[in-house]
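Before any comments, here is the structure.
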Amino acid sequence: MKLQSGYLADFIALLFPQLCAACGESLVANEDLLCTDCLYSLPFTNFHLHADNIVAQQFWGKIDLQGAYSLYYFAKGGKVQSLMHHFKYKGMHRIGNLLGNIAGTQLAKNDIFNSADYIIPVPLHKSRLKKRGFNQSLCFAEGLAEKLNANVEDNNLVRLKATETQTHRSRFARFENMQEVFSVINPESLIDKHILLVDDVVTTGSTLEACAIPLLEIQGLKLSVATIAYAE
């Protein structure tokens, strides 16, 4: 029976091959979402090894961070862009969990990030959440939590109003677009806690900065940020 099931699975895979979400090549046995080549060769930033990395530098003089990190470099037309497209717009939620696991494995070895008490995903407005059906940052946060032994807190930081897309906006326009967008419902629960704030892609950092402002008003709160990708 197992032999027949194996033949059936191979036949179905031949007719309807599963493709790598990054490069589009067919996946083989024991591969899931990403082929083995992409799993190990996507453009890792290794920002967790450098406290003064380019993401951290974006926030210097603006907000006080313990650490800043992105898993991959993002380039137009590259494999990471394809991966993010499948994740956000093709409903492949599990990509977020997988990438969270990969990032979490790196960050678990870093004394700053592995001390986080809570992981908070950048929230979507309820209208955007209804349209997309899921929060991609929450999927990433859940994958991170599995490796960092931290709790995901996804109902405390809220988005008060919907904003227009940040794509093609200037750095100042992005910042202006995000003013007074986020609020913390129960700040008392975060007093003296280390929060890891996570998003999918960071470009100018305006969204993360807007989230950080109400969080850093909380007594004794320490803040770090992590994203799936950094886009120059």
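The values are calculated or read from the model by the stated rules, or taken from the named source; none is laboratory data. Treat the numbers as computed from the prediction; the structure is a model and nothing was measured. Here Cβ is always computed from backbone atoms with ideal geometry, including for glycine, and neighbour counts include all displayed protein chains. Accessible surface is based on the protein model in full, side chains and every heavy atom, while ligands, DNA and RNA are left aside. Shrake-Rupley method; radii C 1.70, N 1.55, O 1.52, S 1.80 Å.
What FRET efficiency would be calculated for the residue pair Ser82, Leu216, taking the C-beta separation as r and a Förster radius of 45 Å, to the nearest 0.05?
Using R0 = 45 Å, I get an efficiency of 0.80.
In degrees, nearest 10, range 0 to 90: what is the angle between the Cα axis of helix 2-15 and the longest Cα principal axis of the chain?
Rounded to the nearest ten degrees, it is 70.
For a quick check of understanding: with a 1.4 angstrom probe and all protein chains in place, what accessible area in square angstrom does Thr203 have, to the nearest ten?
Only protein atoms counted, so the area is about 40 Å².
Do you know the Lys pair count in the chain for C-alpha distances under 23 Å, with sequence separation 8 or more or different chains?
Taking the Cα cut-off of 23 Å, the pair count is 24.
Quick one: pull the percent of accessible area on the chain belonging to carbon and sulfur, 1.4 Å probe, ligands and nucleic acids left out.
The C+S portion of the solvent-accessible surface of the chain is 52 percent.
Highest mean first, how do 88-99, 139-150 rank when packing is the count of other Cβ atoms within 10 Å averaged over residues?
The densest-packed peptide leads the list: 139-150, 88-99.
For the chain, what is the accessible area per residue in Å² when the probe is 1.4 Å?
Value for the chain: 54 Å² per residue.
Between Asn151 and Ile185, what length in nm is gained on full extension when 0.36 nm per residue of separation is reduced by their alpha carbon distance?
Numbers: separation 34, 0.36 × 34 = 12.24 nm, distance 1.72 nm.
Computed gain between Asn151 and Ile185 is 10.5 nm.
For the chain, with only Lys/Arg (+1) and Asp/Glu (-1) charged at the beta-carbon, what is the dipole magnitude about the Cα centre, in debye rounded to 20?
Details: 21 positive and 23 negative charges, 151 e Å.
Dipole magnitude for the chain comes out near 720 debye.
Ignoring ligands and nucleic acids, what accessible area does Tyr69 show with a 1.4 Å probe (Å², nearest 10)?
Taking all protein chains as shown, Tyr69 has close to 0 Å².
In the set (1) 8, 31, 35, 17, 6, 3, 0; (2) 7, 22, 21, 16, 14, 11, 6, 2, 0, 0; (3) 8, 35, 37, 18, 2, which value of P(r) over Cα pairs in 10 Å bins from 0, in percent was calculated from the structure you see?
From the options (1) 8, 31, 35, 17, 6, 3, 0; (2) 7, 22, 21, 16, 14, 11, 6, 2, 0, 0; (3) 8, 35, 37, 18, 2, the structure gives (1).
Quick check: Cα centre of the stretch 16-75 to Cα centre of the stretch 191-232, how many Å?
Comparing the Cα centres of the stretch 16-75 and the stretch 191-232, I get a distance of 18 Å.
Angle between the Cα long axis of helix 136-148 and the longest principal axis of the chain, 0 to 90 degrees, nearest 10?
Compared with the principal axis, the helix lies near 90 degrees.
Could you compute how much accessible surface His194 exposes when probed at 1.4 Å, giving the result in Å² to the nearest 10?
10
Report, in deg cm²/dmol and to the nearest 500, the calculated mean residue ellipticity at 222 nm for the chain, where each DSSP H run with n ≥ 4 adds -39500 (n - 2.57) and the sum is divided by the residue count.
Computed mean residue ellipticity for the chain: -11000 deg cm²/dmol.
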